[in-house]
Each structure stands twice: as C-alpha cells, then as structure tokens.
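Take a look at the structure set out below.
The values are calculated or read from the model by the stated rules, or taken from the named source; none is laboratory data. Computed from a predicted structure; not experimentally measured. Every residue, glycine as well, gets a Cβ built from its backbone with ideal geometry; the counts of neighbours run over all protein chains shown. For the accessible areas, the whole protein counts, side chains as well, though only heavy atoms, and no ligand, DNA or RNA atoms are used. Shrake-Rupley method; radii C 1.70, N 1.55, O 1.52, S 1.80 Å.
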Amino acid sequence: MWLAYLRYLARARDEHSLHSPFLFALYTQFIRVDNRSETVFSTIRSLQKKLRQNRQLIDITDFGAGSKVNSSRQRSIGDIARHSQKPARFGRLLFRLIRRFDAKNSLDLGTSLGITTAYMAEAARLNNGRVLTFEGCPQTATIARQNFDELRLQNVDVVVGNIDDTLPAQVSQLEKPLDLVFFDANHRYEPTVRYFEICLTTIHNDTVFVFDDIHWSDEMEQAWAYIKAHPAVTVTVDLFWVGLVFFRKEQPRQDFILQF
C-alpha cells in the first residue's frame, strides 16, 4: 500500500490542474477545505473519544475482507473505534459532499460503530434527508443504534445482515433514486464491483459514489480500475484514501488524481 501511496504523491495535483469549473469549485470549496470547527461535529467527537476507551467485548461477524489490524472474532469496542473507524476528516468530507449535492437519499455500506454514518446523517438532516446504513454484524449494529440514539439522529435506518443479500433487496424497494453512496463494506474485487452495479440501477445525473480504500489491496485497485472504465461513469477523483465517482453527462470523461 505504501508503494501505491508514493505513486499517488508523485502524480497528485492541486486546483491549478483543474480546467473544469465544476471540478474546480468542488475541489476548492468542498474537498480541500477544513470545516472541523463546525459545532455540529462536537458531539460526534465526544462520542468517538468515549468509544475509544470502551473495553466492552463483542462478537464480530465479518462477511468482508477482514481487518489488517485485528482479525479476532471477539474485539473490544475501543479496539474497533481506534482501528476500524475512518479518521474524522473523511466523515467531514462526506458531510460536505452531502451538503453540496443536497443529498436526501444516501446509502452507507458498512456501518461499523456508526461514527462515519453520523457525519452523513448530520448533513442529511440539514437537507431533510435520510441515511440507510448496512451492517453485517448484529452486535456491532446494536452499538451503532445506541450511538445514533445518543446523538439524537432519527434519520438513520440500520439494515443488519449480509450485504450480498440485503443490498439488492433494499435497492429494489427504493422509491427515489440514490443521491450519494459510501462504499465501505467488503474490500474485495468481486463484491465491490457487484455492489457498484447494484447501486447503478437507481442513480441520476448528479448522484455521487464514494469508494473507501481504493488502494487498500491489489483487488481494490482492480475494482477501482473497473469502475473508472465503466461506460456510465464520466468523472472520477482519486484522493488515494477514497475515490469519488460522478455520472454527470454534461462533463467530459476525465480521471483526476488530486491532493487531499
């Protein structure tokens, strides 16, 4: 992964490489900005700090590629909070994207303890929207629900079970197209591509897909290459840790590697 990061550093550019008004505004106003001081984040930060100190053990059900840090079937909540949660900067990025695109119908594939989901839900709440989040582990989902209750987030629905089964079932029942999807579930090629294809069935011109850990493994890099080459995709943005995918028909087909 570190070789991939060195390649990324050598190729990543800033806003001066962007000639598209859409990408320039998105990058300068919503991607490469720091909004950590917003008061809406203070309760999430406090909860995350508390979770990191929680020694309660839970049984882990993992349908994905597993953890590179701790593959044990029993883990403490604190261990999950320290090693399996995305850093807050990515939660804030999702918050900004949901606000920018006025997303009201968002999916989160991979709830874990619900911290990243909470950033999404806070933004969706400001848009009068909801977040549907998917978690394979029942005990982890229980903790996430408790966290949403503590944060008073009433616009989150948690779907528990193997995403291979729950995602197609839920997507087929959606009444409105998807506005934003965060893919952070099974970090392998075939499931990532399959989830992508399932969600493609209900997009619109301004839908945004965000893929986590696109350089996490060879399989994830292969999945990212497949997604970039898909005929429905017009613009991709590689921020190394995450990749953004757009379907805007008015945009020329381009792939960007940008600093983050």
Original post:
Based on Cβ point charges of +1 for Lys and Arg and -1 for Asp and Glu, what charge dipole magnitude is obtained for the chain about its Cα centre, in debye rounded to the nearest 20?
Top reply: 840 debye
Subject >> From the coordinates shown, Cα extents along the principal axes in Å corresponds to which of (i) 57, 38, 32; (ii) 50, 38, 37; (iii) 68, 38, 31 >> reply: (ii)
Original post:
With all protein chains present, how much of the accessible area of segment 118-222 (probe radius 1.4 Å) comes from carbon and sulfur, to the nearest whole percent?
Top reply: 45 percent
Subject >> Dipole of the chain, positive end: most advanced residue of Val40, Leu107, Ala123 [Cβ charges, Cα centre] >> reply: Val40
Original post:
Does segment 99-202 come out rounded, prolate or oblate by the C-alpha gyration tensor, with a ≥ b ≥ c the root eigenvalues, rounded set by a/c under 1.5 and, if not, prolate when a/b is larger than b/c and oblate if not?
Top reply: oblate
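Using only helices, what value at 222 nm comes out for the chain when you add -39,500 (n - 2.57) per DSSP H run of length 4 or more and divide by the total residues, to the nearest 500 deg cm²/dmol?
Details: 10 runs with 106 residues, N = 260.
After summing the helix terms and dividing by residue count, I get -12000 deg cm²/dmol.
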**OP:** Evaluate the charge dipole of segment 1-58 about its Cα centre and quote only its size in Debye, nearest 20, assuming +1 on the Cβ of each Lys and Arg and -1 on the Cβ of each Asp and Glu.
**Re:** 440 debye
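Heavy-atom accessible area per residue, the chain, 1.4 Å probe: how many Å²?
On the way: 12180 Å² over 260 residues.
Ligands and nucleic acids excluded, the figure is 47 Å² per residue.
Got a number for carbon plus sulfur as a percent of segment 3-44's accessible area, 1.4 Å probe? Could you put the intermediate results ahead of the total?
Values: 1520 of 2690 Å².
Within segment 3-44, the accessible surface is 56 percent carbon and sulfur.
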